[in-house]
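Notes follow once the structure below has been shown.
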Amino acid sequence: MANEENRSLTLRDVSEASGVSEMTVSRVLRNRGDVSAATREKVLKAAKELGYVPNKIAGALASQRVNLVAVIIPSLSNMVFPEVLGGISEVLETTDLQPVVGVTDYLPEKEEKVLYEMLSWRPSGVIIAGLEHSDAAKAMLRSAGIPVVEIMDVDGKPVDSMVGISHRRAGREMAKAILKAGFQNIGFLGTKMPLDHRARKRFEGFTEALAKNGVEIMDQEFYSGGSALLKGREMTEAMLERSPEIDFLYYSNDMIGAGGLLYLLEKGIDVPGQIGLAGFNGVELLQGLPRQLASMDACRRESGRHAAEIIAKRVAGEEVESVVELTPKIAFGDTLKRR
């Protein structure tokens, strides 16, 4: 098979898989010529299952790669990802490679589309956020014949290489620190998990560590949409109205955690005397808050740097470590008592 031989797929592969001539395959994929609906469907199905992406580079360049690295991330509005891009750019600017960015909005179908378009220009490598992708996206990544680095997560099996932290471990470590500080009535506030796989893994690790110590989450609040201070205030108010005995709030990210902190301080609640708080991401922008929110750095810039180094070295024909696990540390700040 093509991906076992580590080569790019060709029209011939699609032709053989669909039982249709290469010329007809070409017409279908370029959306030209008179082709029956049944034949078109057969070709597109075979191409998708194989992970075949047409080559948009014409003429003499058709068999070559361009010096672009496709970087595919869920969001640009979330301040986490610009830091990742900073790490990538820092490394690539010392090479002939240039990053080009695509945004998926956490939507698997949009990730497929972005990946398809980027691969059609035959980049020299792909850096893509997360380990969870659709079958079609995975097929494209496996069949691309170029270095692929999945970033920001190592809880799973990569298509090729991966760089990041273990989010399950991050959740477990935070749970241990909270319990060690003497908190027992714990609430969790975060994004809806189906699309944010990394937040889901932290939650799984967090609840697993609590359960091993005989503690269950007292209350939980989930939301969809972007992270925001206002959302954090609203969720915190709603949870404390339901469960006033809560003594610790763990947020899936720092932005909603900061909103919760501002709400508690406004209400005159002693933090962390009455209620302790922790977020996730170690966002520097929030260092100007009245109290420093406890958090954990996701090693974002470092992840970007390592990913770019893997691509650059692989393009240069060098051997390189395919799995890089980074170790985040808890910043206790002013909202989590250290004991």
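Worth pointing out:
- Condition met for SER143 (among the small types (Gly, Ala, Ser), modelled with pLDDT under 95 and more than 25 Å from VAL323 (Cβ to Cβ)): no
- Criterion (of a type in the set (Gly, Ala, Ser) and open to solvent by 60 Å² or more (accessible area, probe 1.4 Å)) met by exactly one of ALA312, ALA316: ALA316
- Qualifying residue in the stretch 105-119 (condition: among the hydroxyl-bearing types (Ser, Thr, Tyr) and over 24 Å from ILE256 (Cβ atoms)): yes
- The requirement of being at pLDDT 95 or above and either part of a loop (DSSP other than H, G, I, E, B) or crowded, with 21+ Cβ neighbours inside 10 Å (or both) is satisfied by ALA175.
- Any hit, the stretch 182-199, residues being more than 27 Å from the chain's Cα centre (by Cα) and free of Cβ contacts under 8 Å to residues at least 40 places away in the same chain: no
- In this entry, SER252 passes the filter for residues that are closer than 20 Å to SER166 by Cα and polar (S, T, N, Q).
- Subset tally (residues that are open to solvent by less than 30 Å² (accessible area, probe 1.4 Å) and either closer than 17 Å to ARG200 by Cβ or small (Gly, Ala, Ser) (or both)) for the stretch 118-144: 13
- Residue match in the stretch 154-169 (condition: charged (D, E, K, R), in a loop (DSSP other than H, G, I, E, B) and open to solvent by less than 20 Å² (accessible area, probe 1.4 Å)): no
- Top-ranked residue in the stretch 245-297 [being open to solvent by 10 Å² or more (accessible area, probe 1.4 Å) and closer than 20 Å to THR327 by Cβ; ranked as modelled with the lowest pLDDT]: GLU284
- The helices (runs of 4 or more DSSP H) located wholly in the stretch 223-339 that include 3 or more residues which are of a type outside the set (S, T, N, Q) and touching a Phe, Trp or Tyr at 6+ places or on another chain (Cβ under 9 Å) occupy 229-242, 254-266.
Rundown of residues vs (1) surrounded by 14 or more Cβ atoms within 10 Å (Cβ to Cβ); (2) touching a Leu at 6+ places or on another chain (Cβ under 6 Å); (3) among the aliphatic types (A, V, I, L, M); (4) without any contact (Cβ under 8 Å) to a residue 60 or more places away in the chain, yes/no style:
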| site | (1), (2), (3), (4) |
| --- | --- |
| ARG32 | no, no, no, yes |
| GLU41 | no, no, no, yes |
| SER77 | no, no, no, no |
| VAL91 | yes, no, yes, no |
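The values are calculated or read from the model by the stated rules, or taken from the named source; none is laboratory data. Bear in mind the structure is a predicted one, so any value in this text is a computation, not a measurement. Virtual Cβ from ideal backbone geometry, glycine too; neighbours counted across all protein chains shown. The area values use the complete protein model at the heavy-atom level, side chains included, leaving out ligands, DNA and RNA. Shrake-Rupley method; radii C 1.70, N 1.55, O 1.52, S 1.80 Å.
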